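The values are calculated or read from the model by the stated rules, or taken from the named source; none is laboratory data. In this text the structure is predicted, and so the values were computed from the model without any measurement. Virtual Cβ from ideal backbone geometry, glycine too; neighbours counted across all protein chains shown.
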Amino acid sequence: MTAAPVNQALIGRRATLRDVARAAGTTPMTVSNVVNGRAGQVGKPLADRVMKACQTLGYRPHANARRLRTDRRQAIGVIIIDPSPYYVSDPLTAAVLAGLNARLGARGYSIVIHGVSPTALDSVSMLRQVESDGVCLMLSGDARARSMVIDRVATLQQPVVLIQDRMPEDATDCASVLQDDFGGGRAVAEHLLDGGARRIVMLKPALEWPAMERREQGVRSALAGRGGSVAFDVVRGRDEGFEATQAALSRHIEAHGAPDALIGGNDQMAIAGMRLLSDRGLRIPQDVRVTGFNGLEFWRYATPELSTVFSPAYALGETAADAMLARLAEGAFPFREQVLPVRFAAHGSSASPQSESPARSISGSA
């Protein structure tokens, strides 16, 4: 069957399964398979054609009827362990959620978000009252605390996708989606070392995030390859905020003097550090070269523009959604772990006469 021209009279009224089948040039049964998460039974070109027809006609399956047929809630729970009540406004988190929601929404799934403080992990039990088909996790805290959350979520007996962290080896019915933070951290450090940096400071929040752990590991890996001639300190602020970051860096400078290179655990912390250094009369990059991480718009607002590692944050969400949809359709995840590449780009904040580093992609080391 071939796709039929869309009847313009259908647009604007509630479309039926038969309307979509006619527009996509297929059968109502095929449309049902696609919209009810059984796309594995349908070839990709045809499934894409069905989804396009659904979007054109504004077709939405009746949620209650679909649940009776499929025993599906059409909802994915998202648990974010973060001490900040403004966790959704974090640029990386927001971009990941946007990608996740867009991909799931196109297949008729909604997301139910829970932000949980690390000091109130027992409240994860709230998910028991939420009817969901699977769970996505974004965790902070040390490895033991993160493992505890994973163990608790496992008792729900639902498939789990862990975003920006690795699953324990003994975890089952799960997948991990993360970016190459180790490679990004290593690229930043090599760029600074190539430009002559000898006193490097890295800014991080007090609360540990697995992605920042890997970034620091990448930095240390690059330093190890250069011998012991470079001083490296990690300076932790109370949180990732502007004032907390500046206060922590100020204390370090008063005790140890200014570094000649500054690595922000993310772009916000890097820019807070740049402002403090400038207020103290230090020039960027002549006196201190600065880099950030994530590349989510903030870097453009720095003067000079911030050198940074660009994160595929939206794609992380899309990939997590694709993994969950495949698991729900096929009964198994398509992979145990997938690492997305990042891209480092040097801008004015880390320029040096010794080195000019073009943008380059990094992948494979995570």
Against the definition (modelled with pLDDT of 80 or more, part of a helix (DSSP H, G or I) and in the same structural domain as VAL161 (by TED's automatic domain parsing)), how does LEU104 come out, yes or no? yes
Just checking, does region 284-294 include any residue being of a type in the set (S, T, N, Q) and buried (at least 19 other Cβ atoms within 10 Å of the Cβ)? yes
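Quick check, is GLN246 of a type outside the set (Gly, Ala, Ser), in the same structural domain as LEU325 (by TED's automatic domain parsing) and in contact (Cβ under 8 Å) with a residue 12 or more places away in the chain?
In short, no.
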Among residues of region 269-313, those that are under 21 Å from the mean Cα position of the chain (by Cα), polar (S, T, N, Q) and more than 16 Å from VAL234 (Cα to Cα), counted: 4
Is region 160-173 home to any residue that is closer than 25 Å to SER250 by Cβ, more than 19 Å from the chain's Cα centre (by Cα) and assigned to a loop (DSSP other than H, G, I, E, B)? no
Of everything in region 194-232, what is in contact with a Ser or Thr (Cβ under 9 Å, 6 or more places away or on another chain), more than 30 Å from PHE333 (Cβ to Cβ) and in a helix (DSSP H, G or I)? Give them in sequence order. ASP194
Which one is farthest from the chain's Cα centre (by Cα), of the residues in region 43-82 that are modelled with pLDDT under 75 and outside any helix (DSSP H, G or I)? HIS62
Just name the residue that is surrounded by the most Cβ atoms within 10 Å (Cβ to Cβ) out of those in region 168-215 that are among the acidic types (Asp, Glu) and closer than 24 Å to ASP287 by Cβ. GLU190
What are the residue pairs meeting all of these: first residue in region 138-164, first residue at negative phi, second residue modelled with pLDDT of 85 or more and small (Gly, Ala, Ser), Cβ atoms under 6 Å, and 6 or more apart or on different chains? GLN158/GLY134; PRO159/GLY134; VAL161/ALA175; VAL161/ALA320; VAL161/ALA323; LEU162/SER176; ILE163/ALA320
Check whether at least one residue in region 253-276 is in contact with a Ser or Thr (Cβ under 8 Å, 6 or more places away or on another chain), part of a loop (DSSP other than H, G, I, E, B) and modelled with pLDDT of 95 or more, and report yes or no. no
